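The values are calculated or read from the model by the stated rules, or taken from the named source; none is laboratory data. Worth saying up front: this structure is predicted, and the values here are computed from it rather than measured. Positions of Cβ are generated from backbone atoms using ideal geometry, with glycine treated the same way; all protein chains shown enter the neighbour counts. To get the accessible areas, we keep the full protein, side chains included, count just its heavy atoms, and leave off ligands, DNA and RNA. Shrake-Rupley method; radii C 1.70, N 1.55, O 1.52, S 1.80 Å.
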Amino acid sequence: MENQNRLIVSPAPHVHEGTTVKNVMWNVVLALVPALIFAVYFWGIRALTLSLTGAITAVLVEALIQKLRKVPITVHDGSAFLTGLLVAFNIHVGAPLWLPMVGAVVAISIGKQVFGGLGNNPVNPALIGRAFLLASWPTRMTAGWVAVRGHTMSGINNFNKIATNFQGVSQKAYDLVTSATPLKVAQTLRDSTFVSEINAEAGMDLAGRIFTGLTEMDTLKNLFWGNIGGCIGEVSAFALLLGAAYLLYKNIIEWRIPLSYLGTVFILSFAFGSIPGSEPSLMLPFFHIFSGGLLLGAFFMATDYTTTPVTKNGRIIFGIGCGVLTIIIRLVGGYPEGVSYSILLMNVFTPLIDMLTMPKAFGKVKR
Amino acid sequence: MRLETFPGGTHPPDQKHFSCSVPITELPSAEKVVIHLSQHIGAPSTPVVKVGDEVKKGQLIAEAAGFVSLNQHASISGKISKIGKFLHPTGIMSEAIEITSDGKNETIDFTDDENFLSLDPEILKERIAKAGICGMGGAGFPTHVKLSPPKEKSINTVILNGVECEPYLTSDHRLMLEKAEEIIAGLKVIMKTVGACRGIIGIEENKPDAIDLMQKLCEKEKELSVVAFRLQYPQGAEKQLIYAATRRKVPAGGLPMEVGVVVQNVGTAYAIYEAARYQKPLIDRVISVTGSMIKTPKNLRAPIGTSFAALVDFCDGLNGELGKAISGGPMMGFALPSLEATMGKGSSGLVLLSQKEAHSIEEHTCLRCARCVDSCPMNLTPLSIVNAVKYDDVKMAIRAGLGDCIKCGSCAFVCPAHIRLVQWIDTGKIRYAAELRK
């Protein structure tokens, strides 16, 4: 044969599905585009500017560090872009531009590159970035939030239903409903000082009514579509579910972690989520699932490959752990929202979970 | 139709369209054949001829060196021209006997026993052993050994493997369509030798014509049945096949006989039929010559030992510059350094890929995406085996499943980081051979 010398010899398998790291990462970015589009629709071009600032900063920082480390520059693989984008998604639209920049720098440098880059980081880099920002600039991160045009921050639109003379009852309660995020409202209502401040029985009654308002169908609809205040990437449950469905369909993420995470939140919030003066209802778990960063966390961060368990049972344990921690932080912790911390904490447990859940080979008898 | 399958696995595109509708063509003789002394698991055969001897087609040229070994026969008539090292279908150099054709195609006399099914099991087994038959699906385990389980293991089920889950290959498919009755007769011979009361023919759903035909032929036989499988690689792997067909789990490290099952490939069943009825040795087999680079993809019945180059010529040559030539299927087959290699008893296919198809990209760092875990049919943790081998951690490698890996390649097929998992695991299997035997 004239070309026998040029035959490629390599071990089996000789065919490949065709997926690459680059392909996976950019597909996740693509899955986040609906959320970004919704954010731009709600808040204007500022949401896009902030997001791109985070993503581009992350890419530049990664390239710089890789150059300094004298390793191949791999920013085209999309992982840095994705991390930067996720950092920005955890920031609200009223934040200054330097906030996502600083977050992205910390995420890429301390969260990822110090450990050797993609595949070696122990915890989710984007969440490291967010945690850093939240610890360093707590007011910047939580103050100055902007509600979606024509809606309140909390998603409760129908004041009249809650109290006929709302402003008359308490300016404080009015401010709460109009200018706090849904989870902040829920947290405040759980706090007894709020009730006592707006005096005794009337306060108790009002708190219960606001809480009911929070879990009403109208409010849930606002939560689902995103007619509330919140972080850029968290605002619309619908947009996030759209992206998640794409990732599940493309086999890029797997159902175990998101399902066990959301399932745990569903059950626990139904069991423990109500406050004195309100009835437990099936709306409550939906309120918890659609609000805050849960969907973004469950589908896009708790499914991060590197920092979550590889074994099938391990993934379920991981999801349940995230769910339990999220609910503990939301219901009894000092923060209104606990998604990012619960994922970060569970990330740390990942090696241990993997060790304890390593499966037995097909046909191996349990000893 | 109810479709069975097993947990795990993956879906490589089946690529059967090249040759699945091409009937089997005879390649009656070859100018030269190279009969390897190691075409099977076990001791290499011992030559009983010397250079210069004249041999007829079907004549014994090397005999089994012990029980777990195999007889080898001349697949053409001619003169022994060399005994020495030749390129093996697995790509290595190995001892073999070369026969140069005399063009006469003289064959030894075959008998015809029409009542072969009423023969004593021991006689049947002897005929199979004499014919030098080994598993023709690729592993090459001597068939007479497989059909001689220890007395205390009772076999009740024989499964014929008509899955052909490797992409591209169609030799078993064509054989089932063209020699269905003979294959069923072979199945009955196998059942008789091991005393099984149940025979199952397992076929994947992408061969509906074969399923229909076999079902029709098995209708009247109450001990025989056809099981259709959902398309899933590696369904043809022994343990996965047994589970899919019977829901029995072969214990890790154990053999199918532990669950009362013997598995044989449909091609082997055909060879068994020929051996039982005509006492014909295994001197030819069906091989698919396929892939995008072959001008006319064909299923050939060719003499064992024919060079792959001769097969390519018989299929009108190549379409362009060849990238990779694979002996066997693309998931578990061997990339050949040259087409001068010759086909053996386990050669089910020759797959010819273009430069572009053969191109592979560099290994990336593991992302821990766990796709390998999800696709592993043996329920192992492939990435952990690979990491353990990289960091020389024997204990971890074995715990993650090094010893249980069947090297089906599902993990490497789906890995987005293109890590050569099978190669790493193989490295581990060799490096820790002593620890694995414990």
Computed [θ] at 222 nm, helices only, for chain A once each DSSP H run of length n ≥ 4 contributes -39500 (n - 2.57): -19000 deg cm²/dmol
Chain B: most fluctuating residue of B:Gly202, B:Gly253, B:Gly186 per GNM, C-alpha cutoff 10 Å: B:Gly253
Degrees between helix A:256-272 axis and first principal axis of chain A (Cα, 0 to 90, nearest 10): 20 degrees
Interface area, A with B, accessible, probe 1.4 Å, both sides summed, Å² nearest 100: 4600 Å²
Per-residue HN-Hα couplings for the range A:49-63 [Karplus 6.51, -1.76, 1.60; θ = phi - 60°; Hz; x = Gly/Pro]: 4, 4, 4, 5, 4, x, 5, 5, 4, 4, 4, 5, 5, 4, 4
Anchor A:Lys172: lysines whose Cα lies under 26 Å away (excluding residues fewer than 8 positions away in-chain): A:Lys161, A:Lys184, A:Lys221
Trypsin sites (Lys or Arg not before Pro) restricted to the range B:35-78 and DSSP loop, no more than 15 other C-beta within 10 Å: B:Lys50
Unmatched cysteines, chain B - criterion: no other Cβ of a Cys under 4.7 angstrom: B:Cys20, B:Cys134, B:Cys165, B:Cys197, B:Cys218, B:Cys315, B:Cys366, B:Cys369, B:Cys376, B:Cys405, B:Cys408, B:Cys415
Built amide H within the under 5 Å cut-off of B:Phe86, gap 5+: B:Ser94, B:Glu95, B:Ala96
log₁₀ of I(q)/I(0) at q = 0.16 Å⁻¹ - the range B:116-278, Debye sum with one point per alpha carbon: -0.84
Dimensions (Å) - the range B:371-437, Cα atoms, principal axes, largest first: 31, 20, 15
Charge dipole of the protein assembly as shown about the Cα centre (unit charges at C-beta), most positive-ward option of B:Val389, B:Thr306, A:Leu30: B:Val389
Residues of the range B:1-116: accessible area per residue with a 1.4 Å probe, Å²: 50 Å²
Normalised convex hull volume, chain A, alpha-carbon set, Å³ per residue: 173 Å³
Flagged links, alpha-carbon separation over 29 Å, of B:Lys85/B:Lys192; B:Lys50/B:Lys130; A:Lys360/B:Lys324; B:Lys50/B:Lys192; A:Lys22/B:Lys324: B:Lys85/B:Lys192; A:Lys360/B:Lys324; B:Lys50/B:Lys192
Surface/4 of the Cα convex hull for chain B, nm²: 20.5 nm²
Around A:Ile343: net Lys/Arg minus Asp/Glu count, Cβ-Cβ under 11 Å: 0
Volume per residue of the C-alpha convex hull in the protein assembly as shown, rounded to whole Å³: 181 Å³
Descending principal axes extents, the range B:49-204, alpha-carbon based, whole Å: 49, 38, 32
Percent carbon-and-sulfur accessible area, the range A:21-142, ignoring ligands, DNA and RNA, probe 1.4 Å: 74 percent
Qualifying trypsin sites (Lys or Arg not before Pro) for the range B:259-332 [loop in DSSP, other Cβ within 10 Å: at most 16]: B:Lys295
For B:411-419, mean number of other protein chain Cβ atoms within 10 Å: 6
Range in chain B, longest, excluding exposed GluC sites (Glu not before Pro) [loop by DSSP; at most 10 other beta-carbon atoms within 10 Å]: B:153-361
Summed residue charge, Cβ within 13 Å of A:Thr307's Cβ, Lys/Arg positive, Asp/Glu negative: +1
Of all accessible heavy-atom area on the range B:371-437, the percent that carbon and sulfur account for (1.4 Å): 54 percent
Radius of gyration and Dmax over the Cα atoms of the range A:253-356, both given in Å: 13.4, 45
Threshold 30 Å², the range A:18-59 residues less accessible with all protein chains present than alone (1.4 Å probe): A:Thr19, A:Thr20, A:Val21
Per principal axis, descending, Cα span of the range A:1-150 in whole Å: 75, 34, 22
Whole-Hz couplings from phi, Karplus 6.51/-1.76/1.60, listed for the range A:224-232; x for Gly and Pro: 5, 7, x, 7, 9, x, x, 6, 3
